[in-house]
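Below you'll find the structure, written out as C-alpha cells, and then a few comments.
The values are calculated or read from the model by the stated rules, or taken from the named source; none is laboratory data. Keep in mind it's a predicted model, so treat the numbers as computed, not measured. Neighbour counts run over all protein chains shown; Cβ positions are idealised from the backbone, glycine included.
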Amino acid sequence: MSENKKFIPVAEPALVGNESKYVLDCVESTWISSNGKYLERFESEFAEFCGVKHAMACSNGTVALHLALRALDMGPGDEVIVPALTFVATANAVVYCGATPVFADVDPKTWNIDPAHVESLIGKHTKAIIPVHLFGLPADMERIAELASQHGIAVIEDAAEAHGARYRGKRAGSLGTLGTFSFYGNKILTTGEGGMVTTNDDTLAAQVRLLKGQGMDPDRRYWFPQLGYNYRMTNVAAAIGVAQLERAQWHVERRREIASRYRSLLSTDSRISFQLVPDECEHAYWMTSIVLENSNAGQRDQVMAALANENIETRPFFYPLHTLPMYWAVQESALPVSERLGEAGISLPSSATLTDGDQERVTESLLTALDTN
Ligand SMILES: *Cc1c(COP(=O)(O)O)cnc(C)c1O
C-alpha cells in the first residue's frame, strides 16, 4: 500500500530557474573548466549576497573549511574549538591541517555551540573557533566574537547550512574572520558539489585564492612558493550557482514558509520541541528539525521507521563528533546536551519543492507514529 504513496525526500535540489540554460552555455562555449564568466559572476554576486568584500569559490564545503584554516596558518600544536553537534567535516578540516579539534557542547534551546563552554575550553594553544549555524540558525556570534577578541583568536563561521540567514541584520558569512559555505545537492543553494570562502580581509582572501590554485604565485606562472591544493570550482558548477542565486530570495522564502507551517502544525504538541530562534537571528531553515522530548525521546528510531514506511524520508541528527571512534582520543568526557539531542532529533522533509499536501502527510504520519510507537 505504502508503495503507492509519493516518495517525499528529506531534501532535493530545486533547479527551477536558468540552471539548464547556463550549463548548456558552458558546454556550447567550451568554458567547462575552472575559468569563465560564471565563476566570476558567482563569486562577485555571492560576495554581494553575503555583504562581504571577497568570495572565493571552491570544490566543496569541506575544502572551504580547510582553505579558511590554512589561510589562518593552522597547523600542528594548534587547537580549534568546534561544536560536537555538527557534520563531521567541521572537525575533519581541522585534522587535515594537523591541528586538534576541541569539542564544545551546544545550548539545549538553540542547539548551537554554547559560548560559556567555549570560554572554559580556551587555552594557550587555542587559535580559532568554528561556530556552526546548525540547520541554518546563526550561532551566538556576539558572545563568540567577544571571546575571540579578548583572546586574540580567529572565528570561522561554518555557514554550510545557512545561506541567507541573518544575525542582527547581517548575513551569515559576514560575521567572522572568514566564512565558509557548501553548495552540496541538499543545501539551501546548490551547485551539485561546491563551496565558497567569504571574508572582508584582503590578505586572507589572497591567501585563499593562492591555496586553492596549487599555491601558484599570481605574478609568476608555474612558480609555487608554498604547498597548495587543487580546490577549484568549475565554470559549469558556477553556472548552476549563478542561476540559484538569481532566485535566492525564493529559495530562502520557501524554506521559511515550510518551517513556519511545520511549527504551526506541530508546536502545540508537548512531545515535540523546535530550535529556539533568538530575536537577533533570522533562521534560514536548511532543515526544519524537531527533538522528541522526555519519554518520547527513546521513540526516535521507531518514529523514523514508521515515516519511512509511509515513503517519507527523514534524517536523524548528527552523531555528536566526540562519540565517533576517530575522535575518542581527543574527547573522553561526556557532552550531555549534544548527546541528548543527537539521540532524539529528527530533520523533516524541507526542500523548497515540498507541497502543502506533502507537508500535511508528513505531520499527520509523524503524529500517528508518536501515538502508536
Ligand atoms: C554540508 C556541510 C559541510 C560540508 O560541505 P560539503 O560541500 O558536503 O563538503 C560542512 N559543514 C556543515 C555544517 C555542513 O552541513
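Structural remarks
- Taken as a whole, the structure places residue 172 among residues that are surrounded by 24 or more Cβ atoms within 10 Å (Cβ to Cβ) and aliphatic (A, V, I, L, M).
- Qualifying residue in region 334-347 (condition: part of a helix (DSSP H, G or I), over 25 Å from residue 12 (Cβ atoms), β-branched (Val, Ile, Thr) and touching a residue at least 12 places away in the same chain (Cβ under 8 Å)): yes
- Residues that are of a type in the set (Phe, Trp, Tyr) and more than 17 Å from residue 327 (Cβ to Cβ) within region 86-137 comprise 111, 135, listed in sequence order.
- Matching residues in region 163-196 - criterion: being within 12 Å of the ligand (Cβ to nearest atom) and either of a type in the set (D, E, K, R) or in a strand (DSSP E or B) (or both): 179, 180, 181, 182, 184, 187, 192, 193, 195, 196
- Scope region 188-206; condition surrounded by fewer than 24 Cβ atoms within 10 Å (Cβ to Cβ) and either at pLDDT below 95 or not aliphatic (A, V, I, L, M) (or both); matching residues: 192, 193, 200, 201, 202, 203
- The selection criterion, being within 16 Å of the ligand (Cβ to nearest atom), in a strand (DSSP E or B) and surrounded by 21 or more Cβ atoms within 10 Å (Cβ to Cβ), does not hold for residue 64.
- Cross-chain or 6+ apart pairs with Cβ under 9 Å, region 185-209 first and farther than 18 Å from residue 135 by Cβ and among the acidic types (Asp, Glu), then near the ligand (Cβ under 9 Å from one of its atoms) and in a strand (DSSP E or B): 193/182; 193/184
- Residue that is farthest from residue 179 (Cα to Cα), among those in region 118-155 that are basic (Lys, Arg) and outside any helix (DSSP H, G or I): 124
- Hits in region 6-48 - residues which are closer than 18 Å to residue 184 by Cα, surrounded by fewer than 17 Cβ atoms within 10 Å (Cβ to Cβ) and among the small types (Gly, Ala, Ser): 20
- Some residue of region 87-104 being part of a loop (DSSP other than H, G, I, E, B) and surrounded by 24 or more Cβ atoms within 10 Å (Cβ to Cβ): no
- Restricting region 162-189 to residues that are over 12 Å from the mean Cα position of the chain (by Cα) and of a type in the set (Ser, Thr, Tyr), the residue that is farthest from residue 49 (Cα to Cα): 177
- Check on residue 46, within 17 Å of the chain's Cα centre (by Cα) and aromatic (Phe, Trp, Tyr): yes
- Test: residue in region 314-332 that is more than 20 Å from the chain's Cα centre (by Cα), in contact (Cβ under 8 Å) with a residue 24 or more places away in the chain and crowded, with 22+ Cβ neighbours inside 10 Å: no
- Condition check for residue 365: closer than 19 Å to residue 274 by Cβ and within 25 Å of the chain's Cα centre (by Cα): no
- Taken over region 67-80, the criterion of being within 15 Å of the ligand (Cβ to nearest atom) and either free of Cβ contacts under 8 Å to residues at least 40 places away in the same chain or in a strand (DSSP E or B) (or both) is satisfied by 80 alone.
- Going through (1) over 28 Å from residue 9 (Cα atoms); (2) in contact with a Gly (Cβ under 9 Å, 6 or more places away or on another chain) one by one, residue 177 falls short only on (2).
- Hey, residue 62 touching a residue at least 12 places away in the same chain (Cβ under 8 Å) and hydroxyl-bearing (Ser, Thr, Tyr) or not: yes
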